[in-house]
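Report on one structure; see the data block that follows.
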Amino acid sequence: MTEKTCCVTGHRDIPAEQIDAVKYALRREIIKAFSDGYTEFMTGFSFGAFPYFSFLVVTLQEDFPNLRLIAVLPYRKRVDSLESREQTKALLHACADVVVIQEEYRPNVYAKRNRYMVDRSSLLIAVYDGIPQGGTLNPLSYAMGKGVRTVILPVVSPAQ
């Protein structure tokens, strides 16, 4: 665990009417973490909460130049995918570091990416809808089991 590193997890499908509230809450938590001494912020660069978190960290670097965004990518070809879109390409290039978990895609690579981030963090921010399954619950449960401090930003899933 890295003492002052924060990572994020969150749902891919954040309802449109909740996006502004999620962005506001993420921004608030990033600033709070920074004021608590956090300078490294890891993102899995997937969909949903990840791009909002990444964009906010990069934007906040203007006011807090010590902030560092670290991209943790599950497999090598994900870099090509991110480079093919201007917005994600710019975010990727704004990262202080890019970590690639493994060379090729395998079914468990996203779980490995999530464990990597949690294992190296002392704070996890989770955008979570409370549904007891899925890709957000797994890193959240893992972090809680390891004693990593967690902040849950609730969202209401369209399925609820």
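The values are calculated or read from the model by the stated rules, or taken from the named source; none is laboratory data. No experiment lies behind these values; they were computed from the predicted model shown. Backbone-built Cβ (ideal geometry, glycine too); neighbour counts: all protein chains shown. Each accessible area value is taken on the protein alone, full model and side chains, heavy atoms only, with ligands, DNA and RNA left out. Shrake-Rupley method; radii C 1.70, N 1.55, O 1.52, S 1.80 Å.
With respect to the stated conditions, Gly147 is modelled with pLDDT of 95 or more, open to solvent by less than 70 Å² (accessible area, probe 1.4 Å) and not aliphatic (A, V, I, L, M). Among the conditions (1) closer than 19 Å to His11 by Cβ; (2) part of a loop (DSSP other than H, G, I, E, B); (3) of a type in the set (D, E, K, R), Arg113 misses just one, which is (2).
A count restricted to segment 1-53 and to residues that are of a type outside the set (A, V, I, L, M), open to solvent by 10 Å² or more (accessible area, probe 1.4 Å), in a helix (DSSP H, G or I) and closer than 27 Å to Arg85 by Cα stands at 8. Scanning segment 64-88 for residues that are assigned to a loop (DSSP other than H, G, I, E, B), open to solvent by 100 Å² or more (accessible area, probe 1.4 Å) and out of contact with any helix residue (DSSP H, G or I) (no Cβ under 9 Å at 6 or more places or on another chain) yields Pro65, Arg76.
With the structure loaded, tell me whether Pro132 is open to solvent by 60 Å² or more (accessible area, probe 1.4 Å) and not in a strand (DSSP E or B) or whether it fails that test. When the stated conditions are applied, Pro132 passes them.
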